[in-house]
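> Have a look at this one before I ask anything.
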Amino acid sequence: LREKRKLMQTIDRRLTQLEKVETTMAEYKFEIKSFPALRVASLRARIPYGQTGEHFAKLYKAVKGGSDGAPFNLYYDGEHADPADLETCIPLKDSARPSGVTVRTVPACHALCTVHIGPYDTLNLAYKALIDYANEQGLQLETPSREFYRKGPGMIFKGDPNKYETEIAVPLK
C-alpha cells in the first residue's frame, strides 16, 4: 500500500507539472524581429551553462564601463548540449576598446523571438514553444541562437529568479 501511495503521488506530481507546462507554453508570444549588426566584446568556449557568469564577469572587467545594451549568449549547438559551444557577448559603445577579449561584429539577422519570464532552468520551455511554433508556421531556424538577459542576477545580489527576463532569438534561414 505504501508503494502504491508513493506511485500515485509521483503520478499526481507529474500530471501537475505537465498541466503547468501546457499553461506556460500558451503564454509565450512570438514575433519576427530584425537585429542590426552589433559590435561586441566576447569570449567563446565549450563550457557548462553554469560557468557563463564567470565569462560575463571577465568581459565586464575588460569593458570597464564601455557596455551598451543587454548582455547575451550565442549558442552554436543545434540541440541542447552541456557543456555548450557558446559565445558570451557584451554590446560595446563605439568608444570602448577592451583588451584581453575578442572584439568583433555579430552579424545582423532576422529571428523568431519570444520572451521567457522565470528562472534559467526553465528556459527549455520557451525553446520548445518557439520550435513548435516555427514548425507549425513552416519556418526554418538556424544557429547561433541568442539569449538576451534583460533582467537577471546582478553582480552582487541574485535577485528573484521568477522575475528574470530572457529574450530568445533564433535566426531564420
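The values are calculated or read from the model by the stated rules, or taken from the named source; none is laboratory data. Because the structure is predicted, anything quoted here is derived from the model rather than measured. Using ideal geometry, Cβ is built from the backbone for each residue, glycine included, and neighbour counts are taken over all protein chains shown. Accessible surface is based on the protein model in full, side chains and every heavy atom, while ligands, DNA and RNA are left aside. Shrake-Rupley method; radii C 1.70, N 1.55, O 1.52, S 1.80 Å.
> Short version: ³J(HN,Hα) in whole Hz for each residue of region 128-136, in order, from phi by Karplus 6.51 cos²θ - 1.76 cosθ + 1.60 (θ = phi - 60°), x for Gly and Pro, what are they?
Karplus-based 3J(HN,Hα) across region 128-136 equals 4, 4, 5, 5, 4, 4, 4, 5, 4 Hz.
> I've got another one for you. Can you compute the FRET efficiency between A81 and T105 using 1/(1 + (r/R0)^6), with r the Cβ-Cβ distance and R0 = 30 Å? Round to the nearest 0.05.
Plugging the Cβ-Cβ distance into 1/(1 + (r/R0)^6) gives 0.70.
> For each pair in K61/K163; K6/K158; K58/K173; K4/K163, compute the distance between the two Cα atoms and list the pairs where it is over 31 Å.
Checking Cα-Cα distances, K6/K158; K58/K173; K4/K163 exceed 31 Å.
> How much of the accessible area of the chain, probe 1.4 Å, is carbon plus sulfur, in whole percent?
Solvent-exposed carbon and sulfur of the chain make up 53 percent of the total.
> Return P(r) of the chain (all Cα-Cα pairs; 5 Å bins starting at 0; whole %; ordered from short to long distances).
Here the calculated profile for the chain is 1, 8, 15, 18, 18, 15, 9, 6, 4, 3, 2, 1, 0, 0, 0.
> Next up: Could you tell me the distance between the Cα centroids of region 24-75 and region 94-173, to the nearest Å?
Here the two parts' Cα centres lie 7 Å apart.
> Taking the Cβ-Cβ separation of K151 and R5 as r and a Förster radius of 45 Å, what is the calculated FRET efficiency to the nearest 0.05?
0.65
> Hey, what do the phi angles of region 57-63 turn into as Karplus ³J(HN,Hα) couplings, whole Hz, using 6.51/-1.76/1.60 and θ = phi - 60°, x for Gly and Pro?
4, 5, 5, 4, 5, 5, 6
> To the nearest 20 debye, what charge dipole does region 1-140 have about its Cα centre, counting +1 at the Cβ of each Lys and Arg and -1 at the Cβ of each Asp and Glu?
520
> When ligands, DNA and RNA are left out and all protein chains stay put, how many square angstrom of accessible area per residue does region 49-123 have with a 1.4 Å probe?
With all protein chains present, region 49-123 gives 51 Å² per residue.
> Follow-up. So for the pair E31, Y133, with labels modelled 7 Å out along Cα→Cβ, what separation do we get in nm?
About 1.1 nm separates the two model spin labels.
> For the pairs K29/K93; K29/K64; K33/K128, note any where the Cα-Cα span goes beyond 25 Å.
K29/K93; K29/K64
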